[in-house]
Each structure stands twice: as structure tokens, then as C-alpha cells.
Amino acid sequence: MIDLRSDTVTKPTEAMRQAAYDAEVGDDVYEEDPTIHQLEHKAAELLGKEDALFVTSGTQGNQIAVLTHCNRGDEAIMEANSHIFMYEAASVSALAGVQPRTLNGTRGAMDPSDVAAAIRPHDIHFPETGLICLENTHNRAGGALLPIENMKTIYQIASEHHIPIHLDGARLFNASISSGFPVQKYAELTDTVQVCLSKGLGAPVGSVIAGSEAFIARARKWRKRLGGGLRQAGVLAAPGLVALTDMVNRLAEDQKHAEILARELGKIDGVEIENEVETNIVLVNVKNLGYTSEQFLTMLKENDILAAPFGPHTVRFVTHYGISRMNINSVIEHVAAVPQTQ
Ligand code: TLP
């Protein structure tokens, strides 16, 4: 099976499995797991933040950030297609009691003047604006990079209003490899950042959130409340450390594969590439081939290829380290052979 549904499907490498086996562990609720300490220290250092916290998933990391930054009844500004709004089962409202204020972006980037206009003035009728959320790379925008200038301007606006910024950096390392900016350069334009270890970096489980020492101390308590205080979780952190040390630079290969896939699929009659491919995501529109995304996916599956539905006629392909150049060629051949019904 050539599985391009997501980079979440990656399986741990041999080095990760060995690191898990060898990991020194302790009870992390007592803050006694040396491997977790090592991972958190490494992540904080890479992201240029005072401290970091290992969490079970990207969703948990984002939600801990919302819970820690906001009070019930606050409003959080976020892009209308952001993962926090679209794919986290409304936890912003269900768990934090926070109202999402969504703004339409361009390729995932909110217009800074829209952000400024959405910040609530003091008025008895209004919620307080408690947080601004950004996402880089932006998943629904097809792995688009948030331009650093856009982040800078939003950060300035947020600072003037004393509003914190949380960055959903599930794929921040992909952004860094594509733009050439170190992850720290993005993180310094935010108060807190969440990065996933379990996507393109290949770890089996986990994310890290990073921020100030005071923020992480409060976030630790929220993690406990959510049932995310783990015990001998060094066995999970050890593959995460391998992810941060061995797996970052190879993301360039995934991005090359995505570029080739988009370029070659784009040459096929009836296939439209919806996004400008900057990282490891390709959005393919199959409407002019005469198929819905579900029909198209069924045909691919019959040929042992998996991709994900992303709209009525849009299919998402995500490259990752389990995908070889030969796999990419095979996908291109199969799509070229799909009969056009229009
Ligand atoms: N994204 C998944 C699905 O949930 C859609 C995927 O296959 O792309 N932020 C961003 C930008 C994400 O893309 C994801 C996962 C998350 C957060 C959540 O991470 P997990 O799955 O670890 O909770």
C-alpha cells in the first residue's frame, strides 16, 4: 500500500525503536523521567523558549495552550480553516469555554489589518480577546508557509494589545526546511508554539509545547487535568528525541517528492493542482476528470494507493519518509491511467 493520506501514518524507525528500548525512565508526574527532561530541554533550545512540555498529541498541545492562555468567556482569533477550528472537535468551546473568532485568510495567512480590527475594545458587551492562533505550515491551505513578515506584523499588533500568540506548528519543521529559516525565527514571533513529533518527523507519539517557564508551569497543570500526566513516558520521549536529531533534514526529500508529484500530476488532462506546493502536501482537484473525491479515492485504493478526501472534488496527498521516489512514480502512472469521464 502506498499511503499518502497523511504524514501521521509514519512508523517509528529502527533507531526510534532502539531508543525506546534503551530509554532511562522515571515517573514524569513527579518530573523524574530523565528522557522526558532531555526531550523538553532539546525542544526548548531548538525553539528558543525558556521551557517545553511533552504532550500526547498536537490537539492536546493546542488545547492546553488555549486553556492556559485564556479565561472562560474569552475570544480567540484564528484563521477560518485552521486545524484548531476545523479539526479539534470544537474543544476550544467544549473544553476552554472560549469563543473562536474566525478570519478568512489567504493561503492560511490572516490579513494583519483584519486581526487588528477583530481585537475587542473594552466594552461590557464584548468578550476579551484572550489569544491569537496561527498555523505554520497551514494544513488546509496545502502546507502553505506563513510569510515571516505576516507573522511579524501580527506579533507587533498582538504585543501592542498585550494579547499572546500561539502557533500551531504541527509542521513547523517543514516550514523551516522549505524557507531556510530556523524554527526559532518563527517561534520568536509567538508566545507559545506546539510542534508535532509524530508527523513528518516519524515519532510514534507526541508533541511538544514551548513557552516561558511560567507558562509551562501552568500548562503542566492543565495537562494533568486533561489526563495527560504520564508516568514512565521516557519510552515515548526517546523516539521523539531521535525525531528532533535525525529526522529534520530529511524532510527536504518529502518536499522534493511533493514537488515532483504536483508537477507531473499537473500535466495530466483533467487534473488540477489547487495549491502552490511549498512543503509536503499536494491538493488535487479531480472535478474535470469527472469524479468526486470519494470515487477517485476508491479507484486509487483498488490500485493500492491511499490519499485523503479534502473536499467534494479535492484529494490530499501528503509525502513522508515512508514514501519513495518509486512510489511517487507509481502514483503518477496510476493517475495518468484513470479514465476521464468528461
Ligand atoms: N492533522 C491531521 C488531521 O487531524 C487532519 C492530518 O492528517 O493532517 N495541527 C495541525 C496543523 C495538524 O495538521 C494536526 C493533525 C494537528 C494539529 C493535530 O495533531 P494530532 O493528530 O497529533 O492531534
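The values are calculated or read from the model by the stated rules, or taken from the named source; none is laboratory data. The model shown is predicted, which means the values in this text are computed figures rather than measured ones. Here the Cβ positions follow ideal geometry from the backbone for every residue, glycine too, while neighbour counts run over all protein chains shown. Only protein heavy atoms, including side chains, enter the accessible area calculation; ligands, DNA and RNA are left aside. Shrake-Rupley method; radii C 1.70, N 1.55, O 1.52, S 1.80 Å.
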Which members of segment 288-305 meet the condition of being part of a loop (DSSP other than H, G, I, E, B) and under 27 Å from the mean Cα position of the chain (by Cα)?
Thr292, Asp304
Taking segment 3-23 only, how many residues are outside any helix (DSSP H, G or I) and within 16 Å of the ligand (Cβ to nearest atom)?
7
Filter result (in contact with a Leu (Cβ under 9 Å, 6 or more places away or on another chain) and in a strand (DSSP E or B)) within segment 278-287
Val282, Val284
For segment 24-68, what are the residues that are in contact with a Ser or Thr (Cβ under 7 Å, 6 or more places away or on another chain), assigned to a helix (DSSP H, G or I) and of a type in the set (A, V, I, L, M, F, W, C)?
Ala65
Among the listed residues Arg231, Arg263, identify the single one that is more than 16 Å from the ligand (Cβ to nearest atom), surrounded by fewer than 18 Cβ atoms within 10 Å (Cβ to Cβ) and touching a residue at least 60 places away in the same chain (Cβ under 8 Å).
Arg231
Looking at the structure I just gave you, is Ile323 within 16 Å of the ligand (Cβ to nearest atom), in contact (Cβ under 8 Å) with a residue 12 or more places away in the chain and open to solvent by less than 40 Å² (accessible area, probe 1.4 Å)?
yes
Across (1) open to solvent by less than 80 Å² (accessible area, probe 1.4 Å); (2) more than 26 Å from Phe173 (Cβ to Cβ); (3) touching a strand residue (DSSP E or B) at 6+ places or on another chain (Cβ under 8 Å); (4) touching a residue at least 40 places away in the same chain (Cβ under 8 Å), Asn71 clears everything bar (1)
Total residues in segment 59-91, condition within 12 Å of the ligand (Cβ to nearest atom) and on the phi < 0 side of the Ramachandran plot:
18
Quick one: how many residues across segment 74-111 are outside any loop (DSSP other than H, G, I, E, B), β-branched (Val, Ile, Thr) and open to solvent by less than 10 Å² (accessible area, probe 1.4 Å)?
3
Residues that are open to solvent by 10 Å² or more (accessible area, probe 1.4 Å), more than 17 Å from Asn62 (Cβ to Cβ) and within 12 Å of the ligand (Cβ to nearest atom): does segment 150-157 have at least one?
no
